[in-house]
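**Student:** Mind having a look at this structure? Questions to follow.
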Amino acid sequence: MGVDAQMFVKVKNKIEPRKVRHWAFELSFAFGSTYFGTENDKRPSLSIITEYQQDGESLFPKENETFIKVDLWQRYYTKGYERGPLPFFIMVAEWLEQKIPDSQVWYGGDSSGKTAKLFNKKKRDKLFKHFVEVGHFPYYDTPVCDICNENMIQENNINGWRCPKCDFIFYKEIESSI
């Protein structure tokens, strides 16, 4: 089972539910509703929560604070678990920070001890730098091209891997049932 991404916004004042519903509409319209909720449960992309549950100690808003859950439907991305769509998470965080006054975005996973941490500009930039360097390759552990010494991309239609630099193709060995 994979680790799902979780995100919430900590706001330093009380927010009216109708305002959050409006932001949810704007967020879903900006990025597309298919990126939020789950396949069978199309909830609003944003909702007020009184407890942030995680694989660790729950977090609670202080008096005169509001927690707004971002209902992501994606895998988590961090160093050592390079799986989810990090550029999407960064843009959602940027959008939320600009849209919601006096807010902080927090990001984590739903399992494996990936607890929420402040996801400010400095941390996003650091993680994006890692993403630019390695992308998703560490997670998928792909072969390296013998010609270019670059990670290869799996191509299901050819039953193998293709080098994105030189187009060299490495075929998987097909097991014989004979």
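The values are calculated or read from the model by the stated rules, or taken from the named source; none is laboratory data. Quick caveat: nothing in here was measured; it's all calculated off a predicted structure. Using ideal geometry, Cβ is built from the backbone for each residue, glycine included, and neighbour counts are taken over all protein chains shown.
**Student:** Please work out which residue is surrounded by the fewest Cβ atoms within 10 Å (Cβ to Cβ), limiting yourself to the range 108-152 and to residues that are free of Cβ contacts under 8 Å to residues at least 12 places away in the same chain and assigned to a loop (DSSP other than H, G, I, E, B).
**Tutor:** Within the range 108-152, the match that is surrounded by the fewest Cβ atoms within 10 Å (Cβ to Cβ) is ASP141.
**Student:** Tell me, please, whether a residue that is crowded, with 17+ Cβ neighbours inside 10 Å, β-branched (Val, Ile, Thr) and over 23 Å from VAL3 (Cβ atoms) can be found in the range 50-58. Explain how you work it out, then say what you get.
**Tutor:** Applying the first criterion (crowded, with 17+ Cβ neighbours inside 10 Å) to the range 50-58 yields 52, 54.
In the following step, the residues that additionally are β-branched (Val, Ile, Thr) were identified as none.
No, the range 50-58 has no match at all.
**Student:** Could you run through the range 58-113 and say how many residues are closer than 24 Å to THR34 by Cβ and either of a type in the set (Ser, Thr, Tyr) or not assigned by TED's automatic domain parsing to the domain that holds VAL134 (or both)?
**Tutor:** Taking the range 58-113 and keeping what is closer than 24 Å to THR34 by Cβ, we get 68-78, 81-100, 105-111.
Those still in the list that are either of a type in the set (Ser, Thr, Tyr) or not assigned by TED's automatic domain parsing to the domain that holds VAL134 (or both) too: 76-78, 81, 107, 111.
Of the residues in that region, 6 qualify.
**Student:** Can PHE67 be described as modelled with pLDDT of 95 or more and either at positive phi or touching a Pro at 6+ places or on another chain (Cβ under 8 Å) (or both)?
**Tutor:** Here the answer is yes, as PHE67 does meet what is asked.
**Student:** In addition: Being polar (S, T, N, Q), crowded, with 19+ Cβ neighbours inside 10 Å and modelled with pLDDT under 95, is that true of even one residue in the range 23-36?
**Tutor:** Residues of the range 23-36 polar (S, T, N, Q): 28, 33-34.
In the following step, the residues that additionally are crowded, with 19+ Cβ neighbours inside 10 Å were identified as 28.
Subsequent filtering for residues that are modelled with pLDDT under 95 retains 28.
Yes, the range 23-36 contains at least one residue that is polar (S, T, N, Q), crowded, with 19+ Cβ neighbours inside 10 Å and modelled with pLDDT under 95.
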